2 protein chains.
Amino acid sequence: MDHNGEPKRPLSGTRPPIQPRNFQEGRADQRSARPPRGSRTYSRRSLHGRVAHDLGSRILGGKLKPGQVLAPEDELSAALGVSRTALREAIKLLAAKGLMESRPRTGTRIRPREHWNFLDPDVLAWHFEAEPVERSVRDLFQLRRMIEPAAADMAAQQAGAAAVARLQQAFRDMDAAGDDGEKWEEPDLRFHQTIIQATGNELISSLGAIIETALTMSFRLSNDNPTGQRHSLPLHRAVLNGIQSRKPQKARQAMLVLLEQAEQDVRRALAVRRSGTQRPAAGGRN
Amino acid sequence: MDHNGEPKRPLSGTRPPIQPRNFQEGRADQRSARPPRGSRTYSRRSLHGRVAHDLGSRILGGKLKPGQVLAPEDELSAALGVSRTALREAIKLLAAKGLMESRPRTGTRIRPREHWNFLDPDVLAWHFEAEPVERSVRDLFQLRRMIEPAAADMAAQQAGAAAVARLQQAFRDMDAAGDDGEKWEEPDLRFHQTIIQATGNELISSLGAIIETALTMSFRLSNDNPTGQRHSLPLHRAVLNGIQSRKPQKARQAMLVLLEQAEQDVRRALAVRRSGTQRPAAGGRN
DNA sequence: GGTCCATTAAATCCTCATACTATATTGTCC
DNA sequence: GGACAATATAGTATGAGGATTTAATGGACC
């Protein structure tokens, strides 16, 4: 079998190498583009990390489709300009998140979409990186509405004094941030995380990563057209009151209102972004 | 520098090798012990897969504690009796699930527990493998009560004809299974998965893996003292009715009842197992 | 004399290249 | 049609450097 016909495997042939060699993006980039200091599970510095990011983005972006078989390791690693070792470690990372699966002789193939672990912080981040579309926003808030009101309820029942104090502090910090979006994000996230943690349920705690992604995304959107976060302050206060006064139902309801408001904000920002400008998204904040 | 003082790093020194060489466990074991054909993301055949399983179990089992630094790669791979390649790939796999983190000079250390992704099927499986204790059961059902009734509600609103048909089929298969636990498990899982999928929300779909683990566990427990699943048949029927007759509230309520019943069953089985016999758990089904 | 900063040093992971092995698919022969 | 051989591919092993982060050292300045 003469393989002259170039069997048309994805990612075979010449592709721009991942990052030809000595990359200077590391430092500079991380500073200017807001460190998503979140719960990423791989290093952006390491080569296999960058390969994983590259492949992961391409899978979530739909450029690599479920069922597709990647080019053989030799070929693919050559195409990416990295060693087989680096590529294989990247593949292991992605396989661990349910995105792909390797077998001898058969090769490495993209697993069907229903096996992808969208609850993994990285997978979700790649998902939003690819397409922050309405559907994803809807999905995200559907899940949050299932979790967070119930979590607030539980917190109102059983949050310890320390947790309540943390909650109060987070609220004060949000208040102090005023309209400065930069300063707002962190305590906002801390507020929601504290509630999630206060459930004392590790499974639910792990969903905190989802919330983080949600907030990061909504913040990035509202950066372009600042609707201002201040109007959500009283909503947060209501949640806080419900919890510290031990009124589960009040806390639950307040959280629900808060989420609906938040979703509307995101939708509005998304609409503006879509209709108005198609500014290069990756550019900056002018 | 005489390293005679044996710095007491975990996993240094002599340990039983992972599985010295040619292992014949693969085939035989997989057949007898019910293939958890679930959503595992690694191969049990491969060496790095076994190493990952070994380390993962030890982390979730508490034998390796957060903050601990593993022995250097050379040392650890020697101790485990595998090559550095295999070890490194295992580490990448575990790192992708939030369990550990590697840095030059510092070494590889177990991440704090709150970073562990308990929503990952493998992590959850290792968790239950280690200690199917009451607390984990409580956590699991708390989460299910947040998700599944809401999912049933959504399904009642928007499930397509195909989904309803699948649901009916699953129900019929459960009915046909009667008291045969072996035959019951699969359609039961299918029933719940179908509902989860019918939400049309990929994030929620990913939670299906959690359900799977829950059912697998409860099945394994109820295997020893068969309470019989038949009594849950009418409960499933109620859910099915709610969905196919497009009554969201009914479906939601029915699912809630179903879950409470299921949790009680598991708790009962757990209590019996705990008090009565300490039979070797890994043994069989005598 | 103490504090801070730059430079050096060392430990560990990271990447590479290469060779060999194991496994599963495919094709072939009877 | 079934057993068996050929083959492509991922899996494992090994050795050698390179890169990076932490720690230590030394000097300058107050």
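The values are calculated or read from the model by the stated rules, or taken from the named source; none is laboratory data. Note that this is a predicted model, so its numbers are computed, not measured. Virtual Cβ from ideal backbone geometry, glycine too; neighbours counted across all protein chains shown. We work out accessible area using only protein heavy atoms, side chains counted, and drop any ligands, DNA or RNA first. Shrake-Rupley method; radii C 1.70, N 1.55, O 1.52, S 1.80 Å.
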Query raised in the report: Which number in (1) closer than 30 Å to residue A:135 by Cα; (2) more than 14 Å from chain A (Cβ to nearest Cβ); (3) assigned to a helix (DSSP H, G or I) marks the one condition that residue B:184 misses?
Result: (1)
Report task. Determine which member of the set B:122, B:139 is over 25 Å from residue B:256 (Cα atoms) and either more than 16 Å from DNA strand C (Cβ to nearest atom) or without any contact (Cβ under 8 Å) to a residue 40 or more places away in the chain (or both). Result -> B:122
**Report entry** Test: residue in the stretch B:72-88 that is under 24 Å from residue A:49 (Cβ atoms), away from DNA strand C (no atom under 16 Å from the Cβ) and within 13 Å of chain A (Cβ to nearest Cβ)
**Finding:** no
Report summary line: Here the residues within the stretch A:58-77 that are more than 16 Å from DNA strand D (Cβ to nearest atom), under 16 Å from the mean Cα position of the chain (by Cα) and crowded, with 16+ Cβ neighbours inside 10 Å are A:58, A:60
Query raised in the report: Does the stretch B:180-196 contain any residue that is open to solvent by less than 10 Å² (accessible area, probe 1.4 Å) and among the small types (Gly, Ala, Ser)?
Result: no
Query raised in the report: Got at least one residue in the stretch A:155-169 being more than 10 Å from every other protein chain (Cβ to nearest Cβ), open to solvent by 10 Å² or more (accessible area, probe 1.4 Å) and over 20 Å from residue A:187 (Cα atoms)?
Result: yes
Report task. Go through the residues of the stretch A:91-105 one by one and say whether even a single one is away from chain B (no Cβ under 12 Å), within 13 Å of DNA strand C (Cβ to nearest atom) and out of contact with any Lys or Arg (no Cβ under 8 Å at 6 or more places or on another chain). Result -> yes
**Report entry** Residue check, residue B:43 within 26 Å of the chain's Cα centre (by Cα) and either within 12 Å of DNA strand C (Cβ to nearest atom) or assigned to a loop (DSSP other than H, G, I, E, B) (or both)
**Finding:** yes
**Report entry** residue B:114 being within 15 Å of the chain's Cα centre (by Cα), modelled with pLDDT under 95 and open to solvent by 60 Å² or more (accessible area, probe 1.4 Å)
**Finding:** no
Query raised in the report: Can you pull out the residues in the stretch A:93-111 that are open to solvent by 20 Å² or more (accessible area, probe 1.4 Å), free of Cβ contacts under 8 Å to residues at least 24 places away in the same chain and closer than 25 Å to residue B:203 by Cα?
Result: A:101, A:102
Query raised in the report: Out of (1) surrounded by fewer than 23 Cβ atoms within 10 Å (Cβ to Cβ); (2) away from DNA strand C (no atom under 16 Å from the Cβ), what's the single condition that is false for residue A:146?
Result: (1)
Requested in this report: Might you check whether a residue that is over 26 Å from the mean Cα position of the chain (by Cα) and more than 16 Å from DNA strand D (Cβ to nearest atom) occurs anywhere in the stretch A:102-109?
Outcome: no
Query raised in the report: Do the conditions hold for residue A:76, that is, is it of a type in the set (A, V, I, L, M) and either assigned to a loop (DSSP other than H, G, I, E, B) or outside the structural domain of residue A:41 (by TED's automatic domain parsing) (or both)?
Result: no
Query raised in the report: From the list A:140, A:55, A:99, which one is within 16 Å of DNA strand D (Cβ to nearest atom) and over 17 Å from residue B:117 (Cβ atoms)?
Result: A:55
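Among the residues of the stretch A:193-221, write down those that are under 16 Å from the mean Cα position of the chain (by Cα) and within 14 Å of another protein chain (Cβ to nearest Cβ). Steps first, answer last, please.
The initial filter retains those residues of the stretch A:193-221 that are under 16 Å from the mean Cα position of the chain (by Cα), namely A:193, A:205-221.
Within the stretch A:193-221, A:193, A:205, A:206, A:207, A:208, A:209, A:210, A:211, A:212, A:213, A:214, A:217 qualify.
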Requested in this report: Grab the helices (runs of 4 or more DSSP H) fully contained in the stretch B:199-265, keeping just those with 3 or more residues being open to solvent by 10 Å² or more (accessible area, probe 1.4 Å), under 19 Å from residue B:145 (Cβ atoms) and out of contact with any Leu (no Cβ under 6 Å at 6 or more places or on another chain).
Outcome: B:208-224
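Out of B:51, B:137, which single residue is within 13 Å of chain A (Cβ to nearest Cβ), among the aliphatic types (A, V, I, L, M) and surrounded by fewer than 23 Cβ atoms within 10 Å (Cβ to Cβ)?
B:137
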